[in-house]
Amino acid sequence: MSVSPQLRALRVNAVDLLRAPGAIRDVEVVIGSAAQAELDLTDARIDGDIVVAVEVGSTLDGLTVRGEVRVPWSGECRRCLAVVTGVAVGEVDELYVADGVVRDDAVAFEGDQLDLAPVVREYALLELPDAPLCRDDCAGICPVCGADRNAGACGCDTTVRDERWAVLDQLRLDE
């Protein structure tokens with residue numbers, strides 16, 4: 001199976017960078033829907049091309065990857081079911097070290113190339129909202145008649161009453 005050009009662009013020659021500490025390589029890739037399928041990014045919330053803009057830098061310890069992954073998304077408001085769209089931005093800040101080097105704060109890579117595809121997939125999926133809101137003060141829909149309470153009050157009585165506790169309403173305490 002051949003690898004798409006977008007995923008090929010996510011592979012960085014680690015040997016060249018490690019030979020020159022302080023060297024920097026910019027990686028800017030737009031990942032379309034076909035390449036997203038290759039990355040197993042088939043989430044229904046993703047609504048467009050994923051943009052990767054990271055900088056891979058060489059240090060004495062390994063390689064740093066800093067930048068961002070931008071994922072356009074769409075979904076339904078969890079309260080009123082209106083269509084909501086946005087762009088999730090994942091701030092990438094990772095340290096990679098050669099296989100065999102042990103560091104708690106770093107990820108090991110094998111071979112001569114650093115494959116950024118797994119980190120792109122991880123940040124893309126982690127930044128997608130699970131339950132988006134159309135706005136912070138969304139009133140939702142009326143549980144009785146189904147009207148959108150953001151458009152106006154519907155007049156339904158939505159007080160919740162548990163009859164098991166009704167006898168306590170008659171209780172009068174003397175102070």
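Mind counting the residues in region 21-38 that are in contact with a strand residue (DSSP E or B) (Cβ under 6 Å, 6 or more places away or on another chain) and either open to solvent by 60 Å² or more (accessible area, probe 1.4 Å) or not in a strand (DSSP E or B) (or both)?
Selection size over region 21-38: 7.
Looking for something among the charged types (D, E, K, R) and closer than 19 Å to Pro129 by Cα - is there at least one such residue anywhere in region 11-30?
Checked region 11-30: no residue is among the charged types (D, E, K, R) and closer than 19 Å to Pro129 by Cα.
Answer with yes or no whether Leu133 is closer than 30 Å to Arg79 by Cβ, touching a residue at least 12 places away in the same chain (Cβ under 8 Å) and open to solvent by less than 100 Å² (accessible area, probe 1.4 Å).
When the stated conditions are applied, Leu133 passes them.
For residues in region 39-67 being open to solvent by 60 Å² or more (accessible area, probe 1.4 Å) and farther than 19 Å from Gly90 by Cβ, which is modelled with the lowest pLDDT?
Checked region 39-67; the qualifying residue modelled with the lowest pLDDT is Asp61.
Residue-wise test of (1) at pLDDT 95 or above; (2) open to solvent by 60 Å² or more (accessible area, probe 1.4 Å); (3) in a loop (DSSP other than H, G, I, E, B); (4) more than 25 Å from Ile50 (Cα to Cα).
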{"residue": "Pro118", "(1), (2), (3), (4)": "no, yes, no, no"}
{"residue": "Ala139", "(1), (2), (3), (4)": "no, no, yes, yes"}
{"residue": "Pro143", "(1), (2), (3), (4)": "no, yes, yes, yes"}
{"residue": "Gly146", "(1), (2), (3), (4)": "no, no, yes, yes"}
{"residue": "Ala151", "(1), (2), (3), (4)": "no, yes, yes, yes"}
{"residue": "Gly155", "(1), (2), (3), (4)": "no, yes, yes, yes"}
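When you scan region 1-12, how many residues do you find that are surrounded by 12 or more Cβ atoms within 10 Å (Cβ to Cβ) and either modelled with pLDDT under 90 or in a loop (DSSP other than H, G, I, E, B) (or both)?
Going through region 1-12, the residues surrounded by 12 or more Cβ atoms within 10 Å (Cβ to Cβ) turn out to be 3-4, 6-12.
Okay, now just the ones that are also either modelled with pLDDT under 90 or in a loop (DSSP other than H, G, I, E, B) (or both), so 3-4, 6-10.
Number of matching residues: 7.
Out of the residues in region 69-116 meeting the condition of being modelled with pLDDT under 90 and acidic (Asp, Glu), tell me which one is nearest to Leu10 (Cα to Cα).
Checked region 69-116; the qualifying residue nearest to Leu10 (Cα to Cα) is Asp112.
In region 39-58, what residues are closer than 12 Å to Val120 by Cα, outside any loop (DSSP other than H, G, I, E, B) and touching a residue at least 24 places away in the same chain (Cβ under 8 Å)?
So the first thing to find is which residues in region 39-58 are closer than 12 Å to Val120 by Cα, and the list is 39-41, 50-54.
Pick out the ones that are also outside any loop (DSSP other than H, G, I, E, B) and you get 50-54.
Once the filter is applied, which keeps residues that are closer than 12 Å to Val120 by Cα, outside any loop (DSSP other than H, G, I, E, B) and touching a residue at least 24 places away in the same chain (Cβ under 8 Å), region 39-58 yields Ile50, Val52, Ala53, Val54.
For region 94-107, does any single residue satisfy the condition of being in a loop (DSSP other than H, G, I, E, B) and closer than 30 Å to Ile46 by Cβ?
At the first step, the residues of region 94-107 found to be in a loop (DSSP other than H, G, I, E, B) are 99-106.
Narrowing the set further to residues that are closer than 30 Å to Ile46 by Cβ leaves 105-106.
Yes, because at least one residue in region 94-107 is in a loop (DSSP other than H, G, I, E, B) and closer than 30 Å to Ile46 by Cβ.
Test Gly75 against the stated conditions and say whether it is free of Cβ contacts under 8 Å to residues at least 60 places away in the same chain and under 27 Å from Ile46 (Cβ atoms).
Working: free of Cβ contacts under 8 Å to residues at least 60 places away in the same chain: yes; under 27 Å from Ile46 (Cβ atoms): yes.
It is true that Gly75 is free of Cβ contacts under 8 Å to residues at least 60 places away in the same chain and under 27 Å from Ile46 (Cβ atoms).
Could you list, ordered by first residue, the pairs with Cβ atoms under 8 Å in which the first is in region 1-20 and in contact (Cβ under 8 Å) with a residue 40 or more places away in the chain and the second is surrounded by 13 or more Cβ atoms within 10 Å (Cβ to Cβ) and among the polar types (S, T, N, Q), at least 6 apart or interchain?
Listed pairs, sorted by first residue: Arg11/Gln113; Val12/Gln113; Asn13/Gln113; Ala14/Gln113; Leu17/Ser58; Leu18/Ser58.
Could you list, in sequence order, the residues of region 19-37 that are over 18 Å from the mean Cα position of the chain (by Cα) and not hydrophobic (A, V, I, L, M, F, W, C)?
Listed by number, the residues that qualify are Arg19, Pro21, Gly22, Arg25, Asp26, Glu28.
The values are calculated or read from the model by the stated rules, or taken from the named source; none is laboratory data. Small disclaimer: the values here were computed from a predicted structure and weren't measured. Neighbour counts are summed over all protein chains in view; Cβ atoms, including those assigned to glycine, are modelled from backbone coordinates with ideal geometry. Accessible surface is based on the protein model in full, side chains and every heavy atom, while ligands, DNA and RNA are left aside. Shrake-Rupley method; radii C 1.70, N 1.55, O 1.52, S 1.80 Å.
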